[in-house]
Amino acid sequence: MSVSQSQAESAKASPRRTVRILAPRPWVRTARLTLLIIAAVGLCMYLVVRVASDEPDSEVYHRTLPETTLDWRCDSGHTFRATGQAEPRTCSRCGQPAYPVATFECPRHGPLTVSARYEVGADGITRLSQVRIGSQDWTAAEGGLVCPRCNAPLRRKLRDLFEGMGKPKRPDGR
Ligand SMILES: [Zn+2]
Ligand SMILES: [Zn+2]
């Protein structure tokens with residue numbers, strides 16, 4: 001190999017070296033790939049969560065009163081858990097009538113526990129029909145209650161107990 005040949009070779013090699021420097025840096029590619037993977041995984045998780053949360057709504061199972069355990073409260077304030085029924089129960093501690101409780105909410109004053117009455121409609125679905133704050137008169141469950149402190153209309157805090165099966169029981173057993 002002559003000196004001129006090796007010079008020519010190094011002259012040829014130098015543009016190759018230049019090309020190598022201008023080539024996209026590997027970390028840029030890695031970063032782009034990582035972002036793509038994160039986006040793809042995020043999309044998959046979003047879809048899985050959506051499908052899972054949509055499922056109970058697409059096929060809502062309506063429980064009947066005897067299938068549901070409710071929180072009950074008597075007119076003296078004793079509370080207990082018992083199977084649902086349309087008629088009031090009698091408190092085992094004081095003999096007063098007891099009604100299931102439902103939670104309504106004032107936008108300003110927060111949640112309020114009220115006595116409730118359920119009714120089975122012509123379609124066989126159990127719904128909250130009447131509610132009562134303390135010893136006030138019974139009133140329609142929909143839009144009938146106002147906050148005793150500010151008169152604002154109260155809204156039901158929880159979804160209807162009789163829709164959506166498969167909800168785990170609360171760990172405190174209440
Ligand atoms: Zn009682
Ligand atoms: Zn209020």
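Does the stretch 108-115 contain any residue that is at pLDDT 90 or above, polar (S, T, N, Q), more than 16 Å from ligand 1 (Cβ to nearest atom) and closer than 26 Å to Ile133 by Cβ?
Narrowing the stretch 108-115 to residues at pLDDT 90 or above: 108-115.
Those still in the list that are polar (S, T, N, Q) too: 113, 115.
Now narrow it down to the ones that are more than 16 Å from ligand 1 (Cβ to nearest atom): none.
No.
Figure legend. Inter-residue proximity from the stretch 88-100: first residues over 15 Å from Tyr118 (Cβ atoms), second residues near ligand 1 (Cβ under 8 Å from one of its atoms) and not acidic (Asp, Glu), beta-carbon distance below 6 Å, spacing 6+ or different chains. Indicated pairs: Cys91/Cys74; Cys91/His78; Cys91/Ala98; Arg93/His78; Cys94/Ser76; Gln96/Cys74; Gln96/Ser76.
What number of residues within the stretch 99-129 are touching a Pro at 6+ places or on another chain (Cβ under 6 Å) and more than 16 Å from ligand 2 (Cβ to nearest atom)? It would help to see each step written out before you state the result.
At the first step, the residues of the stretch 99-129 found to be touching a Pro at 6+ places or on another chain (Cβ under 6 Å) are 99, 103, 105, 116.
Now drop any that are not more than 16 Å from ligand 2 (Cβ to nearest atom), which leaves 99, 116.
Number satisfying all stated conditions: 2.
I'd like the residue in the stretch 122-174 that is of a type in the set (S, T, N, Q) and loosely packed, with under 10 Cβ neighbours inside 10 Å and, out of all such residues, is modelled with the lowest pLDDT.
First pass over the stretch 122-174, keeping only residues of a type in the set (S, T, N, Q): 126, 129-130, 135-136, 139, 151.
Among the residues that remain, those that are also loosely packed, with under 10 Cβ neighbours inside 10 Å are: 135, 151.
On the way: Ser135: 87, Asn151: 94.
The extreme case among them is Ser135.
Looking at Ser53, Ser76, which is the one that is modelled with pLDDT of 65 or more and of a type in the set (Gly, Ala, Ser)? The unique qualifying residue is Ser76. Which of (1) closer than 19 Å to Ala152 by Cα; (2) more than 25 Å from the chain's Cα centre (by Cα) is the odd one out, the single condition Ala102 does not satisfy? Of (1) closer than 19 Å to Ala152 by Cα; (2) more than 25 Å from the chain's Cα centre (by Cα), only one is false for Ala102: (2).
Please list, ordered by residue number, the strands (runs of 3 or more DSSP E) wholly in the stretch 90-137 having 1 or more residues that are under 17 Å from Thr79 (Cα atoms) and basic (Lys, Arg).
110-120, 126-132
The values are calculated or read from the model by the stated rules, or taken from the named source; none is laboratory data. The shown structure was predicted, so the numbers you read here are calculated from the model rather than taken from an experiment. Backbone-built Cβ (ideal geometry, glycine too); neighbour counts: all protein chains shown.
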